[in-house]
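One structure is given below, encoded as structure tokens.
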Amino acid sequence: MYKPPPEEECHCETFVFHPTGRENDPIKLHVRFMQYQGKIVDFSINQVFVLDGISHDIARIDTAHGTIHRHQFFPRRQQVRTVITEIPVDDGWNVVDKGYDNALDVMQDEWDDNLRRWNSDRA
């Protein structure tokens with residue numbers, strides 16, 4: 001199974017931004033990645049919705065467990081997990097590096113649909 005290099009050997013970054021560009025929006029992207037030898041080797045991108053001061057995960061794409069996979073969360077605490085691609089042991093760094101850009105695009109493009117899905121499940 002793919003495992004990224006040890007965290008202490010990587011450049012790690014975490015940041016939060018609003019995909020709409022409006023800082024007062026209740027939706028945020030929490031992004032964490034590890035970079036090694038110029039490649040993203042591990043990442044997690046979370047869509048977070050703030051409601052009444054409480055943060056709720058509505059979607060995430062990450063690289064845990066040897067796959068790039070997506071979580072879709074629902075207010076009643078259930079989730080759907082979908083594997084996007086297996087990360088090979090031999091070429092894993094390249095797969096994860098390319099997967100990061102794709103995942104970031106998806107999470108920026110689909111926040112409105114994911115928020116609508118999450119809110120419809122609350123009703």
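The values are calculated or read from the model by the stated rules, or taken from the named source; none is laboratory data. This is a predicted model, so every value here is computed, not measured. Positions of Cβ are backbone-derived with ideal geometry, glycine not excepted, and every protein chain shown enters the neighbour counts. The protein model used for the area step is the full one, side chains on, heavy atoms only, and it has no ligands, DNA or RNA in it. Shrake-Rupley method; radii C 1.70, N 1.55, O 1.52, S 1.80 Å.
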Legend entry - Distance in nm between pseudo-label sites at residue 23 and residue 89 (7 Å out along the Cβ direction from Cα): 4.8 nm
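If R₀ is 30 angstrom, what is the calculated FRET efficiency for the pair residue 64 and residue 117, using the beta carbon separation as r and rounding to 0.05?
0.85
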Inset, instruction - Treating the angle as unsigned and between 0 and 90°, give the value, to the nearest 10°, between the Cα long axis of helix 111-122 and the longest Cα principal axis of the chain. - result: 50 degrees
Inset, instruction - Over segment 53-102, average the accessible area per residue using a 1.4 Å probe and give it in Å², no decimals. - result: 59 Å²
Inset, instruction - Can you tell me the 0 to 90 degree angle between the C-alpha axis of helix 92-109 and the longest principal axis of the chain, rounded to 10? - result: 20 degrees
Inset, instruction - Quick one: pull the percent of accessible area on the chain belonging to carbon and sulfur, 1.4 Å probe, ligands and nucleic acids left out. - result: 47 percent
Legend entry - P(r), alpha carbons of the chain - 5 Å bins starting at zero, rounded %: 2, 11, 21, 23, 17, 13, 8, 4, 1, 0
Inset, instruction - May I ask you to list the residues of segment 62-96 whose amide nitrogen lies under 18 Å from a point 7 Å from Cα along the Cα→beta-carbon direction of residue 1? - result: 62-71, 81-93, 96
